[in-house]
Amino acid sequence: MSVLSVSGLKTHFFTRDGVVRAVDGVDFELDRGEVLGLVGESGSGKSVTGFSLLGLVDPPGKVVEGNILFCGQDLTTASQQHMQELRGSRIAMIFQDPMMTLNPVLRIDTQMIEAILAHEKLPRKVAWTRARDGLAQVGIPSPEQRLRAYPHQLSGGMRQRVAIAIAFLNNPDLLIADEPTTALDVTIQAQIVHVAQTLCRERGTALIWITHDLAVVAGLADRIAVMYAGRIVEAGATDQIIDHPRHPYTVGLLGSVPSANRRGQRLAQIPGMTPNMLSLPNGCAFQERCTRGDELCRGDVDATFDEAGGYVRCFHPHGSEAGA
Amino acid sequence: MSQAAGLLVETPLQRFRAEFRESKIAVAALLVLAIIVLLALLAPWITPQNPYDLAQVDVLDGKLKPGSEAFAGYTMWLGSDGAGRDLYSAILYGLRVSLTVGLAAGFLALVIGTAIGLIAAYSGGRTESLIMRAVDIQLSFPAVLIALMLVAILGRGIDKIIIALVAAQWAYYARTVRATALVESAKEYVEAARCLGLSHARVVFRHVLPNCLAPLIVIGTVQTASAIALESTLSFLGVGLRQTEPSLGVLISNGFEYMMSGRYWISFFPGIALLVTIVSINLVGDQLRDVLNPRLKR
Amino acid sequence: MSLIVFFGVNVIGDPVDMLINPEADQAEIERTIRALGLDKPIHEQYLYFLKGIGSGDFGKSFIFGEPALKLILHHMPATIELALVSLIMAIILGIPLGLYAGLFPERRSSRLIMAGSILGFSLPTFWVGLMMIMLFAVHLGWLPSTGRGDTAVFLGIESSLWTRDGLSHLFMPALNLALTNISLVIRLTRAGVREAMHQDYIKFARAKGLHPRRVIGVHLMKNILIPIITVLGLEFGSLMAFSVVTESIFAWPGMGKLLIDSLLQLDRPVVVAYLMIIVLFFVVINLVVDILYSVLDPRVRLKDQGS
């Protein structure tokens with residue numbers, strides 16, 4: 001059985017200037033221990049998708065439609081109380097900027113122990129031991145000492161390790177990682193990816209890795225879903241997406257990633273700017289920036305599925321003309 | 001949306017007006033303020049008596065309740081004070097004094113503070129740190145204390161109060177102008193203007209000063225309101241204006257002694273006038289801050 | 001500073017005119033002048049005064065004939081009591097209201113609170129004081145209008161906090177003095193809450209599944225309290241200074257009322273001594289707040305250790 005099954009999820013923000021359809025009909029599934037890379041530009045709705053899963057969308061935003069089945073139970077109808085119990089124990093989340101996610105005026109031990117005690121009645125001493133072991137597991141040297149530190153006394157990479165340790169304290173079934181490496185140096189990025197990956201594998205935790213960087217998820221994810229303007233425009237197995245992208249947007253994204261085996265070639269750019277979420281065109285949101293856009297693209301696009309369960313939402317996908 | 005903006009080029013003033021109008025409260029406050037100023041200006045023509053012309057004041061009219069009829073035949077809608085002055089007339093004349101003091105002090109503090117701030121920003125070095133030191137010291141003390149200190153030195157009277165108020169307020173302007181001027185003069189267009197061979201004065205007045213205008217206007221309104229409040233406070237304490245220059249604060253102070261005997265109106269109505277004036281200036285200032293602050297632009 | 005204050009105050013007016021019986025003869029006037037030290041040239045008076053400051057002597061009050069410093073110290077406890085109580089009032093009333101307005105900014109009640117805080121800033125304190133007397137003392141007769149009530153000694157501190165009568169006398173002036181600070185605390189708290197609620201550490205705390213009470217009570221409050229406490233510490237000095245107004249209205253026998261009385265009676269040693277003492281107060285308060293801040297904020301603490 002899948003850990004998570006999202007269908008038709010719509011999260012809208014009711015701002016003064018109009019309704020922003022940040023997430024507008026997103027579907028995906030996730031099995032136990034599976035890693036999903038959720039890729040898209042800033043503003044494509046990938047982070048909001050993550051927050052929707054946790055029930056942490058703040059007003060004026062609201063989940064307006066769709067189902068989020070977590071271990072067979074619909075989270076969109078769950079009570080506040082119930083969501084609070086799930087958060088941090090069965091679904092955990094880590095954030096982009098490790099400078100900002102840890103409370104600057106509380107010590108690490110306070111922040112770790114409270115996360116344990118929020119979900120389990122334990123003696124403080126036991127919780128403290130678990131917190132210490134948690135730090136050791138994410139590769140932090142002399143954890144006892146670190147527990148007494150304040151966040152600003154640790155480096156950025158260390159802080160993100162602490163955040164990961166906190167996320168794993170209660171052995172979650174699902175971890176949502178919202179661009180956790182974006183703010184870090186490249187060498188540290190790799191370490192953090194490795195730590196998260198190892199822990200997920202050991203514990204069978206499903207992972208949603210949200211990023212704008214296809215290169216990061218290429219080596220990490222089992223499957224990739226590409227988001228554009230609130231929708232998943234293409235999804236499939238990682239190899240499939242990287243080697244044979246079909247949506248023009250995915251093609252564009254891949255073209256703009258510098259890579260060693262294309263030295264000397266110009267980096268491709270996607271023309272135009274991210275669309276204004278307040279006034280999206282009818283039909284495909286990418287049509288104005290797309291080299292293949294035409295009249296047809298103004299109509300509603302349905303997803304076309306392939307044999308492996310991947311799909312693309314485009315009238316003129318790459319690879320189809322070659323196959324035809 | 002972008003097309004509409006392209007066709008219809010708004011002047012900054014038009015946009016400013018449109019944005020200011022977004023807050024109904026601010027517009028109402030501006031209207032009230034205009035009425036208050038008008039009433040104060042027209043006081044000699046719309047009041048039944050000149051409360052400081054002894055020939056027109058009758059002691060027998062003293063301490064009359066609101067709505068009573070004066071000996072001279074007109075109705076004292078707001079009652080009369082201990083000396084028999086019609087309160088309505090006294091308030092309008094008092095408004096004149098209060099507004100004059102507040103505006104004069106506000107304007108002088110603005111000019112002096114701006115000049116000092118610009119000098120600090122442009123001279124740099126020891127002069128700057130000396131000036132800013134003085135500003136810091138001054139700002140760490142509440143305005144009341146500075147004003148009291150000066151009043152203790154200078155004594156009472158309109159001119160002395162204005163000096164005391166300016167002394168208590170110039171530092172706010174100086175600090176803001178210096179900060180803005182430093183930011184502005186670091187920008188490239190000032191450099192460019194200098195390279196064109198423009199004189200210092202021209203750079204300051206044509207380029208730097210206009211950019212300080214927005215924060216100055218905001219501080220100016222708020223500080224004028226607090227100058228009026230401060231003056232009335234000093235006058236109430238008996239160390240501000242004299243009885244011969246009756247501001248609203250003096251009127252309130254006069255009514256204080258009758259308060260215990262239940263003759264509330266002598267202090268109450270001048271207070272209301274003071275309150276409405278100060279609150280409406282502050283409301284206008286609040287909206288100005290929102291409209292003029294580029295950081296809050298949506 | 002001392003120079004400005006001393007010479008400045010000396011220019012106010014001639015205290016001899018005020019103090020001496022108009023019908024007194026020339027000999028009597030001269031005797032008084034000599035007794036007060038007013039016959040010496042002004043620079044000599046200043047030297048005298050400087051020497052005095054060194055040994056804590058500001059000269060004798062013309063009116064009371066007592067040392068000015070002693071007079072002020074005698075009035076100081078009442079003022080400190082008033083300022084402290086209103087500081088506490090500002091915290092007790094301001095923080096919950098600001099918290100509410102910050103957490104639910106769209107609610108009508110929040111807007112009401114914010115409108116009220118603008119009023120609190122705009123209203124002239126002295127007039128509100130008068131209106132309070134009118135309403136609570138004259139009209140309703142609930143509270144005594146003026147003066148300080150009975151005091152009692154408890155834990156070695158003489159204060160009106162320990163008696164019913166003292167409390168009833170204290171309530172109105174303290175609230176009056178607190179008014180501006182309540183508004184200030186409301187605004188600071190609200191702004192802090194609004195800013196902190198969008199911070200990732202709050203979202204992360206919620207994502208950990210903490211109870212909202214803990215998120216707000218610990219994660220949020222601990223962050224916003226640091227600036228609030230700092231500002232309030234600095235405001236304590238302002239409260240002492242502002243008590244000049246409140247004490248005059250409510251006839252509270254503190255050093256503020258003493259200052260105004262002395263100003264009106266041209267009792268310049270007392271005025272000078274008051275100004276000197278209050279300046280000293282400000283310097284001390286700034287110092288204490290600096291220390292307090294570094295104790296409260298772990299980020300500052302570390303920097304100090306590192307250097």
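A compact table of results
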| item | result |
| --- | --- |
| Selection status of B:L154, aliphatic (A, V, I, L, M) and either closer than 21 Å to C:T180 by Cβ or touching a His at 6+ places or on another chain (Cβ under 7 Å) (or both) | no |
| Any hit, segment A:36-49, residues being closer than 30 Å to A:R148 by Cβ, modelled with pLDDT of 85 or more and not charged (D, E, K, R) | no |
| Candidate set from segment A:101-137 (those that are buried (at least 17 other Cβ atoms within 10 Å of the Cβ) and of a type in the set (S, T, Y)); member that is farthest from C:L210 (Cα to Cα) | A:T101 |
| Hits in segment C:193-229 - residues which are farther than 30 Å from A:A131 by Cβ and more than 26 Å from the chain's Cα centre (by Cα) | C:R194 |
| Filter result for A:G66 (within 28 Å of A:V216 (Cβ to Cβ) and within 16 Å of the chain's Cα centre (by Cα)) | no |
| Condition broken by A:T181, with the remaining ones in (1) farther than 26 Å from A:Q240 by Cα; (2) touching a strand residue (DSSP E or B) at 6+ places or on another chain (Cβ under 9 Å) satisfied | (1) |
| Those residues of segment B:122-158 which are more than 7 Å from chain C (Cβ to nearest Cβ) and at positive phi, in sequence order | B:G124, B:G125, B:G157 |
| Per-region count, segment C:113-136, residues crowded, with 18+ Cβ neighbours inside 10 Å, at the interface with chain B (Cβ under 8 Å from one of its Cβ atoms) and assigned to a helix (DSSP H, G or I) | 9 |
| Test: residue in segment B:135-145 that is at pLDDT below 85, among the acidic types (D, E) and under 30 Å from C:L232 (Cα atoms) | yes |
| Checking C:L232 against (1) under 21 Å from the mean Cα position of the chain (by Cα); (2) within 14 Å of chain A (Cβ to nearest Cβ), the condition it does not meet | (2) |
| Residues of segment A:42-51 satisfying the condition of being within 14 Å of another protein chain (Cβ to nearest Cβ) and either within 14 Å of A:L174 (Cα to Cα) or outside any helix (DSSP H, G or I) (or both) | A:G50, A:F51 |
| Segment B:231-246, residues that are more than 12 Å from chain C (Cβ to nearest Cβ) and crowded, with 24+ Cβ neighbours inside 10 Å | B:L241, B:P246 |
| Output for segment C:96-109, where each listed residue is touching a residue at least 24 places away in the same chain (Cβ under 8 Å), buried (at least 18 other Cβ atoms within 10 Å of the Cβ) and of a type outside the set (A, V, I, L, M, F, W, C) | C:G98, C:G102 |
| Residues being within 17 Å of C:P77 (Cα to Cα), in contact (Cβ under 8 Å) with a residue 60 or more places away in the chain and buried (at least 24 other Cβ atoms within 10 Å of the Cβ) - total across segment C:255-274 | 6 |
| Hits in segment C:279-302 (condition: surrounded by 18 or more Cβ atoms within 10 Å (Cβ to Cβ) and free of Cβ contacts under 8 Å to residues at least 40 places away in the same chain) | C:P298 |
| Whichever residue in segment B:266-284 is surrounded by 24 or more Cβ atoms within 10 Å (Cβ to Cβ) and facing chain C (nearest Cβ under 10 Å) and, among such residues, is farthest from B:A43 (Cα to Cα) | B:L283 |
| Residue under evaluation B:I228, criteria (1) within 14 Å of chain C (Cβ to nearest Cβ); (2) more than 30 Å from B:D290 (Cα to Cα), criterion not met | (2) |
| Matching option when the condition is in contact (Cβ under 8 Å) with a residue 24 or more places away in the chain, farther than 20 Å from C:D200 by Cβ, more than 19 Å from the chain's Cα centre (by Cα) and not assigned by TED's automatic domain parsing to the domain that holds A:A183, among A:G156, A:G139, A:G72 | A:G139 |
| Residue among A:L106, A:L174, A:L86 that is in contact with a His (Cβ under 8 Å, 6 or more places away or on another chain) and aliphatic (A, V, I, L, M) | A:L106 |
| Qualifying positions in segment A:1-23 - at pLDDT below 85 and of a type in the set (D, E, K, R) | A:R16, A:D17, A:R21 |
| Neighbours by Cβ (under 6 Å, 6+ apart or cross-chain): first from segment A:239-251, at negative phi and assigned by TED's automatic domain parsing to the domain that holds A:Q287; second of a type in the set (D, E, K, R) and surrounded by 19 or more Cβ atoms within 10 Å (Cβ to Cβ) | A:H247/A:E234; A:T250/A:E234 |
| Check on B:L241, touching a Ser or Thr at 6+ places or on another chain (Cβ under 6 Å) and assigned to a loop (DSSP other than H, G, I, E, B) | yes |
| Residue that is farthest from the other protein chains (Cβ to nearest Cβ), among those in segment C:193-224 that are over 19 Å from A:M93 (Cα atoms) and crowded, with 22+ Cβ neighbours inside 10 Å | C:V193 |
| Residue within segment A:59-68 that is out of contact with any strand residue (DSSP E or B) (no Cβ under 7 Å at 6 or more places or on another chain) and assigned to a loop (DSSP other than H, G, I, E, B) present | yes |
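Every residue, every condition in (1) under 24 Å from A:G50 (Cβ atoms); (2) of a type in the set (K, R); (3) within 7 Å of chain C (Cβ to nearest Cβ); (4) assigned to a helix (DSSP H, G or I), yes or no:
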position	(1), (2), (3), (4)
A:T76	yes, no, no, yes
A:Q81	yes, no, no, yes
A:E114	yes, no, yes, yes
A:H119	yes, no, yes, no
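The values are calculated or read from the model by the stated rules, or taken from the named source; none is laboratory data. Keep in mind that this is a model prediction, so the values were computed, not measured. Please note: Cβ atoms are built from the backbone with ideal geometry, for glycine as well, and neighbour counts cover all protein chains shown.
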